[in-house]
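The values are calculated or read from the model by the stated rules, or taken from the named source; none is laboratory data. Keep in mind that what you see is a predicted model, and the values were worked out from it rather than measured. Positions of Cβ are generated from backbone atoms using ideal geometry, with glycine treated the same way; all protein chains shown enter the neighbour counts.
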Amino acid sequence: MRKAIAFMFATLLFAPLIAHARKPAPAPEGVPIIIDSGRILLDVSFITAEGKERKALAWFNMGMAAPVLSHELYAELGLKQGAAFAVKVGEKQLEAPAEKVVDGDGGVGVPTFAHLFAPRRVEAMLPARMFTDYVLRIDYGRRLISINAPGGERPKGSAVPILINADTGVIAVEAQIDGQSWSLAIDAGSGYSWMRGDVARDLLVRHPDWKRAHGAIGPSNANMVDFRFEKEGDVFRAPVVRIGEIELKQVGFLATAPVLGSFAEGVFGDFFWDNWRKAAAAPVIGWLGGNALRDYELTIDYPNRMSYWLRQRSSVPTELNQPPITLVRHGDRYFIGGIVQSSTNAESPQGIETGDELIAVGDVAARGASKDSLLSALHGAPGDRKRLTLEHHGVRLETEMVVESFE
């Protein structure tokens, strides 16, 4: 009897603790994000003219000023007939003037959604301008994004002031590279960090050991467009990029090649950067993309013009390691855009030419594959051998290429 009473007493005493221990941890707050080629995609709901919700996959792009919709979605939402433009990201409804919405993706120098993301069906691009009334937290580690009203608790992480272009929402920070101060845009909409070619070339003259490759390689080849601007750019690592108290180490940059050639650039300036930075908050020399941001929980307090950087993991700069080829995408097919030159491969691989179609990497078929799956198949440890199936002048052939270190 005495044992029974003791058991009942213990049960009553410890039951709350047991129940608390069994209680599941609260789900993290935020909207799930998809990382595709380093870019952020969101499942969102657009509000139709009838007040219904129309779900779509949207690209969150901090480097563009206006919303962009596919022709089909633009027509479906009735924007041409004067309907209001609104979209729900989680429980938050965001709006933009309908006249500012771009009908149809793609255009001069802008790859289509299908080119960037297929086989995923992306139908919209949402710019940072739609989020500038809020505190935006991008949690790369847990793959969440949250949109909060200003005035809450101080976000976690080291505080770094930001510059904002109020018209476009594009932000920038002051950064120190090689003892010099420059402005860099923060662009989670880009998979890789880019830099003006002329600025990068000056840095590489002083530090030739920084250079890793001539030609876009691995995730720096994120756009896969058939323009020398990307495929003939130089890839390098800045040993340290200081932003306030933050030190980003071994940051990979793609230094863009001249759009119109070296002579024209010398006469007329850099066509791309001189135009793109008009949307920025300062005369930026480039942007920090997903490869530089992915190790952090990044909070952007737009109303108070402050960013907060909380490191989540250590950087592992091996993302570029693959056979030395640049790829170009046409439709659902991939082609050799160029042979990447590094300090260790002065000679071009035998039997591979620019323009050859890549049919497979090992057992991974290239046609219809996503960029991520193809780059993942190419990625490896230095010295690994990758079996490539190519179509060369109408003849199918197999060859092996060695994974090189671009660390």
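Of all the numbered requirements in (1) loosely packed, with under 15 Cβ neighbours inside 10 Å; (2) under 23 Å from the mean Cα position of the chain (by Cα); (3) small (Gly, Ala, Ser), residue 380 misses one, and that requirement is (1).
Out of region 232-251, which residues are over 30 Å from residue 156 (Cα atoms) and surrounded by fewer than 22 Cβ atoms within 10 Å (Cβ to Cβ)? The one that is over 30 Å from residue 156 (Cα atoms) and surrounded by fewer than 22 Cβ atoms within 10 Å (Cβ to Cβ): 232.
Checking each residue in region 167-196 for being closer than 19 Å to residue 132 by Cα and either β-branched (Val, Ile, Thr) or assigned to a loop (DSSP other than H, G, I, E, B) (or both) picks out 167, 168, 169, 170, 171, 173, 186, 187, 188, 189, 190. One residue stands out among those in region 169-182 that are buried (at least 20 other Cβ atoms within 10 Å of the Cβ) and more than 14 Å from residue 247 (Cα to Cα): the one that is farthest from the chain's Cα centre (by Cα), which is 182. Exactly one residue out of 389, 399 is farther than 21 Å from residue 220 by Cα, touching a Ser or Thr at 6+ places or on another chain (Cβ under 9 Å) and modelled with pLDDT of 95 or more, and it is 389. Contact map, region 194-212: first residue on the phi > 0 side of the Ramachandran plot and assigned by TED's automatic domain parsing to the domain that holds residue 228, second residue polar (S, T, N, Q) and assigned to a helix (DSSP H, G or I), Cβ cut-off under 7 Å, separation 6 or more or different chains; the map is empty. Of the residues that sit in region 50-67 and are over 17 Å from the mean Cα position of the chain (by Cα) and of a type in the set (A, V, I, L, M), which one is modelled with the lowest pLDDT? Going through the qualifying residues, I end up with 66. Restricted to region 349-377, and to residues there that are farther than 15 Å from residue 333 by Cβ and in contact with a helix residue (DSSP H, G or I) (Cβ under 7 Å, 6 or more places away or on another chain), the residue that is surrounded by the most Cβ atoms within 10 Å (Cβ to Cβ) is 375. For region 141-153, a residue qualifies if it is within 21 Å of the chain's Cα centre (by Cα) and over 20 Å from residue 170 (Cα atoms), and the qualifying residues are 141, 142, 143, 144. Report yes if residue 145 is at pLDDT 95 or above, in the same structural domain as residue 229 (by TED's automatic domain parsing) and surrounded by 17 or more Cβ atoms within 10 Å (Cβ to Cβ), otherwise no. No. Might you check whether a residue that is under 21 Å from residue 329 (Cβ atoms), surrounded by fewer than 16 Cβ atoms within 10 Å (Cβ to Cβ) and touching a residue at least 12 places away in the same chain (Cβ under 8 Å) occurs anywhere in region 121-134? Within region 121-134, one or more residues are under 21 Å from residue 329 (Cβ atoms), surrounded by fewer than 16 Cβ atoms within 10 Å (Cβ to Cβ) and touching a residue at least 12 places away in the same chain (Cβ under 8 Å).
Determine, yes or no, whether residue 317 is part of a loop (DSSP other than H, G, I, E, B) and assigned by TED's automatic domain parsing to the domain that holds residue 158. So residue 317 does not fit the description; no.
Residue pairs whose Cβ atoms lie under 9 Å apart, sitting 6 or more positions apart in sequence or on different chains, and linking a residue in region 99-115 that is within 15 Å of residue 230 (Cα to Cα) and among the small types (Gly, Ala, Ser) to a partner that is at pLDDT below 90 and assigned to a loop (DSSP other than H, G, I, E, B), are 109/227; 109/259.
Only residues that are modelled with pLDDT of 95 or more, farther than 21 Å from residue 72 by Cβ and in contact with a helix residue (DSSP H, G or I) (Cβ under 9 Å, 6 or more places away or on another chain) were counted in region 96-139, giving 2. Every test in (1) at pLDDT 95 or above; (2) touching a strand residue (DSSP E or B) at 6+ places or on another chain (Cβ under 7 Å); (3) not hydrophobic (A, V, I, L, M, F, W, C) is passed by residue 206 save one, and that test is (2). Of the residues making up region 273-310, those that are hydrophobic (A, V, I, L, M, F, W, C), crowded, with 19+ Cβ neighbours inside 10 Å and not in a loop (DSSP other than H, G, I, E, B) number 10.
Does any residue of region 221-234 turn out to be part of a strand (DSSP E or B) and more than 19 Å from residue 326 (Cβ to Cβ)? No.
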